[in-house]
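> Handing you this structure, nothing more for now.
The values are calculated or read from the model by the stated rules, or taken from the named source; none is laboratory data. Since the model is a prediction, treat every value here as computed from it, not as a measurement. Here the Cβ positions follow ideal geometry from the backbone for every residue, glycine too, while neighbour counts run over all protein chains shown. Side chains included, ligands, DNA and RNA excluded: accessible areas come from the protein's heavy atoms. Shrake-Rupley method; radii C 1.70, N 1.55, O 1.52, S 1.80 Å.
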Amino acid sequence: MLLSCIYIFLVGFTNCFFVKVSCSTSDFSLKGDYLLGGLFALHEIEHETTLFSTEATECFRHSTAKSGYQMLQVMRFAVEEINNSTTLLPNVSLGYEIFDHCSNTQNFNSVLSFISKNGSIKPKEKLNSYQPKVIALTGPYGSSRTMTVAPLFTMDLIPMVNYGASSYVLSDKHQYPSYVRTIPSNKDLIEMIIHIIRWFGWNWVAFLGSQHDLDGLNVFNEYIRNTGICLAYQESLSLNANYSQTLKRIDKLNINVIVIFALPQYASKIIKAAIANNIQDKVWIASQHWAMNQQLPREPGIGKIGTVIGITEKLLSLPGFNEFVYNKARGTTDVGRNDRPESEVQRKSKTCNQDCDYCSLLTAEEIINENPTLSFAIYSAIYTIAHALHQILQCDMNKCHKNTMVKPYMVNYHFDPTISYAVVLWRTEVNPPQFEMVGTYEKFPETTFTIDNSLLLWHNNGSVPFSNCSAECEEGYSRKPEGFHSCCFSCEKCPPNTYVDFSRDIYTCFPCAENEWSDEGSTTCNARSVVYPQFTEIPSIIVMVSAACLIILLIAVFWLFAYNYNTPVVKSAGGSMCFLMLTSLILSSISVFFFFGKPTSVFCLLRNAIFAFFFTICISCLTVRSFQIVCVFKMATQFPKVHSLWVKHNGQWLFIACSSFVHLISCVVWMTVDPVKAIADSWTFKDQIMLICEMGNAITLTIVVFISWVLGFLCLLFSYMGRDLPKHYNEAKSITFSLILYYLTWIAYFTAYLTTKSKYIVIFNAVAQISSINGILFTYFIPKSYIIIFKTQKNTLAYFQTSIQNYTQTISRT
């Protein structure tokens, strides 16, 4: 590689210096006190030649690039304006030597000419004594061309004030110490492109660059990280590439936004290939290099390819330039029109890439209307050099010290280009085509970017084109990655009690906290309401008032029975056993009040254990009372010894004590093996947390209920056996009714508890307790209380003896 470059250097040097060449055309050269170099692409190579070709490129043999000639005229205009100035370099004239620079590797003749001194090059000469032909230069156009020739200038610190090379690599002062530019770097341009892509919400894009300028692609890849933009297709193209195949691949991937970050000759081939291959309805983002190309908008069929959005530096007018082109540039080139017929041998011997056949054919309007993107950058480059000389020569308002020795390294000047871009829309539907500014991008004093969407006339009826791998997920949907690119995904609705937060992680449905809930497909969680039967609720008040009334009634009955303790009704009802029954019912009723308010472990224990234990004592009393009546009237005659033992040992109290003790043990086991405790039920209802009491271990609970229900069954059995006893001793109907109500109530409760979840189930539990107590109270005690109060004639010993005699006579007859 190095040898080939050296060989090309020698070939170029030989062609330009050993063959005597006279470059006298005024467009390309001007004498002056200090000579400036200029490299402009007046022609462009359409097809690349082999790198190891021994021929130096003759640019005039290739296709024309009218914009290059306009750039050349800007340089000439700037030099003439400075030479005519009375304040800048007042008594100093600038000259220039300009070459047509159309190749990366085969235009070294012009470079060697610039760094030569009297036709020769002395690489080892010291900086303070070396005086090359030019004091500074501007150009060439394009980063790859600049990086190719820059080492030859920077090794001698010859200032390169470039107008058209934006590669950030050239910012490296260690490698390119004398290089400055008057345009922003690729990094700023790439930032601008990304701003445009994100403005319209695109994330599925293609990036096409040139093979000789890779840093644009590299910077783009670096800057789109963490932006949500996916580079679906990328390629660095050569001039000989198959552009049709590239565009077909892009179209097959459904990419609708294509960034072309390349010089005009590459962009031209891509756009023409798109027209030829009927590639339609795309968005083409044009880099600064070709954003205001004058030829492409006039291509037949350009309107079908879609919308072209260009990025260019904000255009600043050059006052006097149009007049310069009209009055002088055209005048100096008209002379040569009559001499155009020349033989090929004559042209070759007379030119050294300072020949432009088409230039003399251009009208002033064509030159003025060419792409003005880099005009101000060229103008600024020349003025930058002039101001540096102005300082070195210690110029004042009248004159400069021309006797000051000026070396190229002394002219190096620091320059910070203003970063100010415009977004232009290609209006190809009008004739002639126009470039309409639709947006701006500024980085000083702060970064601002805006686009006027109303000015954008999209190719698809005005709506912003879609260029995303996947459509954005609706609210409440998380992304599920598909394939390599993060932009490609499917959407899954978040299940209940989860949510997706796009600002946190768009790929995850996060679970709600335990005290929160959400519907399917949610983006936030809602706070759950904590529910439990409160003291202030209407159902709670009704139940508590009922329980209070029940307790009062039980106490009243207790007092009534105590007051009438020695009456036959009280004695037949059980005597002192009645007070145990009533006390148990009163204590059972108290448990109702623990069902309301915020549940605690103590409340949960008291609400169930108190009722379960004391109500079972009451049922034990009923059972033994039923058995005792049957025993007196039927078993005493049939089993006198058993009856005698029962009476002698107070069998009724022994039975009550044993059954109560067994039940107490079962309750203690129930409360200790798996204690009843308050829990927060967050799974039954999505929007509620029910504070409930867990019922504890199912087996121990079953044992507790089983003991109570077995006693109740025995009570029913003994009551049935005594159904034909005397009326005042016959409790079959009342006990049967109360126990059936007891069973039905609790069967209904357990059925509801197992099938229905609600805070009102807790109230139902309290109602079941009240109902069970009321069943015994109103079927067993209230009828007897009625007789004591309203039927006093039946509450006499004689009345009861008459009833027993009638029963005995009835039995004896049977």
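> With +1 on each Lys and Arg Cβ and -1 on each Asp and Glu Cβ, how big is the dipole of the chain about its Cα centre, in debye rounded to the nearest 20?
Numbers: 60 positive and 59 negative charges, 924 e Å.
Rounded to the nearest 20 debye, it is 4440 debye.
> Beyond 23 Å between alpha-carbons counts as too far, so tell me which of Lys282/Lys493; Lys66/Lys282; Lys248/Lys282; Lys31/Lys407; Lys686/Lys757; Lys66/Lys304 fall in that bin.
Lys282/Lys493; Lys66/Lys282; Lys66/Lys304
> Please report the carbon-and-sulfur percent of the accessible area for the range 96-186; probe 1.4 Å, protein heavy atoms only, DNA, RNA and ligands left out.
55
> Now a separate question. Determine the distance separating the Cα centre of the range 570-596 from the Cα centre of the range 731-800; give it in Å without decimals.
Cα centres, the range 570-596 to the range 731-800: 12 Å.
> What is the distance in Å between the Cα centroid of the range 69-143 and that of the range 483-549?
With the range 69-143 and the range 483-549 each reduced to a Cα centre, they are spaced 75 Å.
> How do Phe99, Phe60 stack up against each other in accessible area, from largest to smallest, with a 1.4 angstrom probe?
Sorted descending by solvent-accessible area, the residues read Phe60, Phe99.
> Separate question: Lys/Arg Cβ at +1, Asp/Glu Cβ at -1, dipole of the chain taken about the Cα centre: which of Met410, Thr246, Phe28 is farthest positive-ward?
Thr246
> Separate question: Under a cut-off of 15 Å between alpha-carbon atoms, report the aspartates and glutamates in cross-link reach of Lys314, not counting same-chain residues fewer than 8 places apart.
The reachable aspartates and glutamates, counting only those whose Cα sits under 15 Å from Lys314, are Asp188, Glu436, Glu442.
> Under a point-charge model restricted to the Cβ atoms of Lys and Arg (+1) and Asp and Glu (-1), what is the dipole moment magnitude of the range 139-196 relative to its Cα centre, in debye to the nearest 20?
Dipole of the range 139-196, to the nearest 20 debye: 60 debye.
> For the chain, find the longest principal axis of its Cα atoms and tell me its angle to the long axis of helix 797-813, 0 to 90°, nearest 10.
Its long axis makes an angle of about 80 degrees.
> At a 10 angstrom cut-off on C-beta neighbours, averaged per residue, how do the peptides 182-191, 160-169 rank from highest to lowest?
Working: 182-191: 22.8, 160-169: 24.7.
Answer by packing, highest mean first, reads 160-169, 182-191.
> Straight-line reach from Lys272: which aspartates and glutamates have Cα under 14 Å away, leaving out those fewer than 8 places along the same chain?
Excluding near neighbours in sequence, the set is Glu46, Glu299.
> Taking the alpha-carbon distance from Lys402 and a cut-off under 17 Å, which aspartates and glutamates remain once sequence neighbours fewer than 8 residues away in the same chain are dropped?
Asp33
> What is the chain's relative contact order, in percent, from Cα pairs under 8 angstrom and six or more apart in sequence? All intermediate terms of the calculation are to be shown ahead of the outcome.
On the way: 1388 pairs, mean separation 82.1, N = 814.
Computed over the chain, the figure is 10 percent.
> Quick one: which residues, 5 or more positions from Arg181 or on another chain, have an amide H under 5 Å from its amide H? H modelled 1.01 Å from N in the peptide plane, none for Pro or chain starts.
Distant-sequence amide H within range of Arg181: Asn162.
> Determine the share of the range 477-527's accessible area contributed by carbon and sulfur atoms, expressed in whole percent, with a 1.4 angstrom probe.
Roughly 49 percent of what the probe reaches on the range 477-527 is carbon or sulfur.
> Now for a separate question. If amide H atoms are built 1.01 Å from N in the plane of the peptide, which residues on other chains or at least 5 residues away come under 5 Å of the amide H of Ile45?
none
> Next up: How would you classify the range 223-311 from its alpha-carbon gyration tensor, with a ≥ b ≥ c the square roots of the eigenvalues: rounded for a/c under 1.5, else prolate if a/b is greater than b/c, otherwise oblate?
Rounded is the answer for the range 223-311, as its axis ratio a/c remains below 1.5.
> Oh, and also: Mind pulling the angle between the C-alpha long axis of helix 264-276 and the longest principal axis of the chain? Nearest 10 degrees, somewhere in 0 to 90.
Roughly 60 degrees between the two axes.
> A further question on this structure: Residues of the chain: accessible area per residue at 1.4 Å, in Å²?
For the chain, the per-residue accessible area is 46 Å².
> Taking amide H positions as placed 1.01 Å from N in the peptide plane, with prolines and chain starts having none, which residues 5 or more places from Lys282, or on another chain, fall under 5 Å of its amide H?
Result for Lys282 returns Gly306, Thr307.
> State whether the chain is rounded, prolate or oblate according to the following rule on the C-alpha gyration tensor (a ≥ b ≥ c being the square roots of its eigenvalues): a/c under 1.5 gives rounded; otherwise a/b larger than b/c gives prolate, and the remaining case gives oblate.
Prolate is the answer for the chain, as a/c is 1.5 or above and a/b outweighs b/c.
> Oh, and also: If each DSSP helix of 4+ residues adds -39,500 (n - 2.57) and the sum is divided by the residues in the chain, what number results at 222 nm, nearest 500 deg cm²/dmol?
Calculated at 222 nm, the ellipticity per residue is -13500 deg cm²/dmol.
> So how do 676-682, 290-296 stack up, highest first, on mean other-Cβ count within 10 Å?
Going by the mean number of other Cβ atoms within 10 Å, highest first, we get 290-296, 676-682.
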